[in-house]
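Values quoted throughout were computed directly from the atomic coordinates according to the rules given, and no laboratory measurement underlies them. The structure displayed is predicted, hence computed values, not measured ones. With ideal geometry, Cβ positions are generated from the backbone for all residues, glycine too; neighbour counts draw on all protein chains shown.
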Amino acid sequence: MIYFKSSNIISSLGFDTKETFTSMLRGEIGIKSINNKKYYPEAFPASMIDEVKLDKEFDLIAIKYANTKKYTKLEKMLILSVVDALSKTDVDIKSKRTAIILSTTKGNIDLLSGDNNSFDSKRVLLWKLGEMIQDFFNNPNKIIVISNACISGVLAIVTAAMYINADMYDNVVVAGGDIVSRFVVSGFMSFMSLSPTACKPFDINRDGLSLGEAAGTVIVSRFENKNQQNIIFKGGATANDANHISGPSRTAEGSFIAISKAFAEADMSPNQINHISAHGTATPYNDEMESIAIERHNLLHASVNSIKGYLGHTLGAAGIIETAILLEEMEQNIILKTAGFENSGVSQPINIVSDNTNKEISCCLKMASGFGGSNAAMIISKG
Amino acid sequence: MEELIEKLKVQIIEQLNLEDMEPEDIDAEESLFGEGLGLDSIDALELIVLLEKEYGIKIQNPKDGQKIFFSLKTMAEFIQENQKGTAEV
Amino acid sequence: MDNLFVEKYCHIKNNSIFVDGKLVYADKDAEGLRAFAKSAYRHLKPSYNKFFKMDEISKLGFVAAEVLISDIELSSYSEEDISIIISNSDSTLVTDKNHQDTIDDFDNFFPSPKVFVYTLPNIMIGEISIRHKLKGENTFFIVEKFNEELIVNHINSLFLTHKSKAFVGGWVNQSEDDYEAFLFWASDKGGVPFNALEMKRLYNIIT
């Protein structure tokens, strides 16, 4: 059995999972107008981390770990995230039976402009970023870095579970993060896929995604949490649409396959799912595609939400922070409303949550999709 | 107009990496996105970049692209109508 | 319980393509990856116009997969049973720099979607998937150098948990001044035993 031990979220709405969740419950939106030429010639909406707070919190940790090295913004976010998640468990990060998996799409990409002289240009390499994290914690295993577009986070968690099941490790710390950068903002702008306002997942007026920066951690383990409700990883998979490199399959081909395989591994059927945490980026095509995948799998009875309306699309962090929120929702039996959503704008009658809802949720599906035709699905349930 | 169309042929071949094509292979009236050149959604966005870069015309709504980029001829007509410095559409 | 084997493998290095350790194509005159990939494309004649839209590293991955998969009997598998697990050290750094060039100067600011879309390493997996209709598992790992244990363990786990029956795996990398590809086809049909030791040996057959 694979248990979720703890989680953390470093975001614009909080520096731990509970704080972030509570902010969302209150309806706070982390996506704000950013007017800074460092990122883009014009203002654009995004969810950004408070850097003053980040540096302050990180300095405290650095003292505790007696570490005087210089770290990039993303590294600080990741380290803080892992430190917090670890503090809630007795996992030994220095053990050979503990692995770290890192999920990121572009890592320290802000270093590519050459404006920042504080770091060697090699730091832009994702394995080097991973090494910095591994070294901070003195973990003896080569850190595993996964970079697979926006499914990286869910893929990393599914991979962690697979490795524990294969008896490669007892505990896996799954961390993910990405920053908002000119590189990414301008890229998405060229795709005309950014909404001019905070994004509206599944809404009839949805007009694009909002970017966000965040770091997140979930720790998965073969050991259960004593004296508390456990949530178990039941199954997961990825699949490719084999259709287009940036647009999703109109028939949700890859998403359908990934969900099928997740059910197969979990040995469960759709009627057992009570809630779905969708990818819900608020682009016209993604949300429509997901509604089709949900319908094709006879999951119309399940409640559906997306939390990207609060924190934006956090790329490599997305699958991880959204799983952390899902775990919190399951623990508290509260489903967060889909911020930004008012009226459904997808062709299938999926059950989108538009108000915070008290509901006993025992078994959930997490969905993710990304560039390159990639799709991922994961099923988790209360043990 | 003829000159603009010939110029566009060369620019499109370069911008969209239509490697094996020569300008004479492209018919000014043939549909760019259908059976003709078989361009896709990324190509459509690239044409928007081309319009801004080479002709200073900014298209705000990608959906307008369908009409404008129907064929080289419609593209040329659009450029001629809108190229007065930086026209915003 | 069935085991996996490396049924076939290829290397692309120094403007040369090797299959199962034997040279099958070379173009010493091609200067740079772009030129070599085009030369290899013309030799292979896959008749696939989308090739020219790809960035250089995706072209490299495409050519390696083309050479690898060309005589594999895919019909004995269902599309969702063939997975692609690739790794490299530089992610898409060369393409990243191309994108960065279009955004450094606000007076010459023209980010391009066709460049940006290729700034994710798994796009190469997408291109191979589209070409050969492969709908199985995908993972892209970033490692300092080819890590045979990582790839073998990952693929073995997918195989033993019945998530996939056949695999395209390996290493496809492009750095500023060099490139390298090593792709293998793994299945239960037979060939070189699928383990870290053999994988390391196969990778190093061409140095």
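Annotations
- Percent RCO, i.e. relative contact order, over chain A, from Cα pairs under 8 Å lying at least 6 residues apart: 23
- Entries of A:LYS106/C:LYS133; A:LYS5/A:LYS308; A:LYS234/C:LYS114; A:LYS261/A:LYS359 with Cα pairs more than 29 Å apart: A:LYS234/C:LYS114
- Sorted on the mean count of surrounding Cβ atoms within 10 Å across their residues, most packed first, peptides A:24-34, A:80-90, C:79-89 read C:79-89, A:80-90, A:24-34.
- Listed by Cβ neighbour count within 10 Å, with the fewest neighbours leading, C:ASP101, A:ASP241 appear as C:ASP101, A:ASP241.
- Relative contact order for segment B:2-82: 33 percent, from Cα pairs under 8 Å spaced at least 6 residues apart, divided by residue count.
- Full-stretch length increase - A:GLU51, A:SER95 - with 0.36 nm per residue and alpha-carbon distance subtracted: 12.7 nm
- Overall form of segment C:5-203: prolate. Here a/c, set by the Cα gyration tensor axes a ≥ b ≥ c, is 1.5 or more, and a/b is the larger of a/b and b/c.
- Full-extension gain in nm, C:SER175 to C:SER76, via 0.36 nm per residue minus C-alpha separation: 32.0 nm
- Pairs beyond 28 Å (Cα-Cα), from B:LYS67/C:LYS135; A:LYS88/C:LYS200; B:LYS53/C:LYS45; A:LYS88/A:LYS142; B:LYS73/C:LYS53: B:LYS67/C:LYS135; A:LYS88/C:LYS200; B:LYS53/C:LYS45
- Contact order relative to length of segment C:72-179, as percent, for alpha carbon pairs under 8 angstrom and 6 or more apart: 48
- Gyration tensor over the Cα atoms of the protein assembly as shown: the corresponding equivalent ellipsoid has semi-axes (square roots of 5 times the eigenvalues, largest first) of 37, 31, 25 Å.
- Unit charges on C-beta of K, R, D, E only; dipole of the protein assembly as shown, Debye: 2060
- Shielding by partners, peptide C:103-109 (average Cβ within 10 angstrom, other chains): 4
- Loop sites in segment C:92-195: chymotrypsin sites (Phe, Trp or Tyr not before Pro), DSSP, at most 12 other Cβ within 10 Å: none
- Segment A:231-382: C-alpha gyration tensor shape, a/c 1.5 cut-off, then a/b vs b/c: rounded
- Taking the number of Cβ atoms within 10 Å of each Cβ as an exposure proxy, the fewest-first ranking of A:HIS301, A:HIS313, A:HIS275 is A:HIS301, A:HIS275, A:HIS313.
- The helix-based estimate of mean residue ellipticity at 222 nm for chain C, built from -39,500 (n - 2.57) per DSSP H run of four or more residues and divided by its residue count, is -10000 deg cm²/dmol to the nearest 500.
- The HN-Hα couplings worked out from phi for segment A:96-112 by the Karplus form 6.51 cos²θ - 1.76 cosθ + 1.60 (θ = phi - 60°) are 5, 8, 10, 10, 10, 10, 10, 10, 7, 8, 10, x, 7, 5, 5, 7, 5 Hz, whole numbers, x standing for Gly and Pro.
- For chain A, the residue among A:GLN134, A:ASN240, A:THR22 whose Cα projects farthest onto the positive side of the dipole built from Cβ charges is A:GLN134.
- Distance between the pseudo-spin-label points of C:ALA26 and A:ASN227 (7 Å out from Cα toward the beta carbon): 7.1 nm.
- Counting only Cβ charges, +1 for Lys and Arg and -1 for Asp and Glu, the dipole size of chain A around its Cα centre is about 660 debye.
- Residue-averaged [θ]222 nm for chain A, counting only DSSP H segments that reach four residues, each worth -39500 (n - 2.57): -9500 deg cm²/dmol
- Rounded to whole numbers, the Karplus 3J(HN,Hα) couplings from phi for segment A:241-256 are 5, 6, 10, 8, 7, 10, x, x, 4, 5, 9, 6, 3, x, 4, 4 Hz, using 6.51 cos²θ - 1.76 cosθ + 1.60 with θ = phi - 60°, and x at Gly and Pro.
- Dimensions (Å) - segment A:2-221, Cα atoms, principal axes, largest first: 48, 42, 30
- Along the axis of the charge dipole computed for the protein assembly as shown (Cβ charges of +1 for Lys and Arg, -1 for Asp and Glu, origin at the Cα centre), the listed residues A:ALA43, A:ALA99, A:GLY309 are led at the positive end by A:ALA99.
- Dipole-positive endmost among A:PHE183, A:ALA156, A:THR197 within segment A:2-221 (Cβ charges, Cα centre): A:PHE183
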